[in-house]
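Below is one structure; the comments refer to it alone.
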């Protein structure tokens, strides 16, 4: 009986059991690893939700020209980010005009995001 009981529990692992140590010599348990992975998962989900919200704000609050410039400047939708000079050349406008449009668009987005944070 006792041997059967031992056999059943020999594959069990405690979450508090030490499984190794970090570079400073501190012990690491299984629960430490599980907790850190869970925190990283929450952070990744939160980031994805914020990015999705930002894309929605870009679509709903910016003019087509502002969307284009913000998209080009910050490399949105998988594109490579570009300098103001590169954007200006591509759109055949001055760099200072790109700067003004970008600044206005960012201010719109910032104000809209603050409104949402205040209503939460």
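Every read-out reported here was derived from the displayed coordinates using simple, explicitly stated rules and does not represent laboratory data. Fair warning: this is a prediction, and the values are worked out from it, not measured in the lab. As a convention, Cβ positions derive from the backbone with ideal geometry for all residues, glycine included, and neighbour counts pool all protein chains shown.
Numbers below:
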| read-out | value |
| --- | --- |
| Sorted peptide list for 88-95, 65-72, 99-106, criterion being average Cβ within 10 angstrom, highest first | 65-72, 99-106, 88-95 |
| Ranked list, fewest to most other Cβ atoms within 10 Å of each Cβ, for 24, 32, 81 | 24, 81, 32 |
| Residue-span extension gain [residue 49 to residue 111] - 0.36 nm each, minus C-alpha spacing | 20.5 nm |
| Residue list for the stretch 41-72, given a label point 7 angstrom along the Cα-to-Cβ vector of residue 81 and an amide N cut-off under 13 Å | 70-72 |
| Full-extension gain in nm, residue 95 to residue 74, via 0.36 nm per residue minus C-alpha separation | 6.0 nm |
| Cα gyration tensor category, rounded, prolate or oblate, for the stretch 40-87 with a/c compared to 1.5 | oblate |
| Extension gain, residue 57 back to residue 24 (0.36 nm per residue minus Cα-Cα distance, nm) | 7.4 nm |
| Relative contact order, percent, the stretch 64-120 [alpha-carbon distance under 8 Å, six or more residues apart] | 26 percent |
